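**Student:** Have a look at the structure that comes next, please.
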Amino acid sequence: MHGGDIYTEGILKGKELIDFSSNINPLGLPDSFKDNLEEALSWVQVYPDIQYRNLKRNLIDYLSFSLGYFYKEKIEKLNIEEENLVLGNGAVEIIDLAISNLNSISILVPSFVEYELCA
């Protein structure tokens, strides 16, 4: 069985299954996640910052810490300005943003199909 369809194979047939075919936690949501979700829901009634300023600041801090750990040296803060970070809804949107203003591009074949679709 693929794709987490425990309903068809388990519940309808009266079986209790642990589904290893998809990336789910059979133990359910951790209490810490539920607490964070409840806190986050208090912000649902307001529009988020369309500039993603807080997210970008946190991302710079996280990358500074992670790279410092990787290179075994303390990095106070990466020399990245918030306005130089581009965030998107996945790789395809970032690819489209990166190449949409180019006059021409070359694509090696075989390649990720979205390069050609975005071109």
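**Student:** Under a cut-off of 29 Å between alpha-carbon atoms, report the lysines in cross-link reach of Lys34, not counting same-chain residues fewer than 8 places apart.
**Tutor:** Within the straight-line cut-off, Lys34 pairs with Lys15, Lys56.
**Student:** Follow-up. Could you work out the relative contact order of the chain, using alpha carbon pairs under 8 angstrom and six or more residues apart, expressed as a whole percent?
**Tutor:** 13 percent
**Student:** Enumerate the aspartates and glutamates that Lys77 could reach by cross-link, defined here as Cα to Cα under 17 Å, with residues fewer than 8 away along the same chain left out.
**Tutor:** Asp61
**Student:** Something else now. For mean projected area of the Cα convex hull in nm², which listed value, (i) 13.9; (ii) 6.7; (iii) 7.1, comes from the coordinates shown?
**Tutor:** (i)
**Student:** Could you work out [θ]222 nm for the chain from helices alone, using -39500 (n - 2.57) per DSSP H run of at least four and dividing by all its residues? Round to the nearest 500 deg cm²/dmol.
**Tutor:** Computed mean residue ellipticity for the chain: -11500 deg cm²/dmol.
**Student:** Have a look at Glu39, Glu83, Glu16 and tell me which one the Gaussian network model of the chain (Cα, springs below 10 Å) gives the largest fluctuation.
**Tutor:** Of Glu39, Glu83, Glu16, the Gaussian network model singles out Glu16 as fluctuating most.
**Student:** Sort Val92, Val44 so the one with the fewest other Cβ atoms within 10 Å of its own Cβ comes first.
**Tutor:** Working: Val92 15, Val44 7.
Fewest-to-most Cβ neighbours within 10 Å comes out as Val44, Val92.
Just so you know, all these numbers are worked out from the coordinates, no wet-lab data involved. As the structure is a computational prediction, the values presented were derived from the model and not from experiment. Note that we place each Cβ from the backbone using ideal geometry, even for glycine, and neighbour counts take in every protein chain shown.
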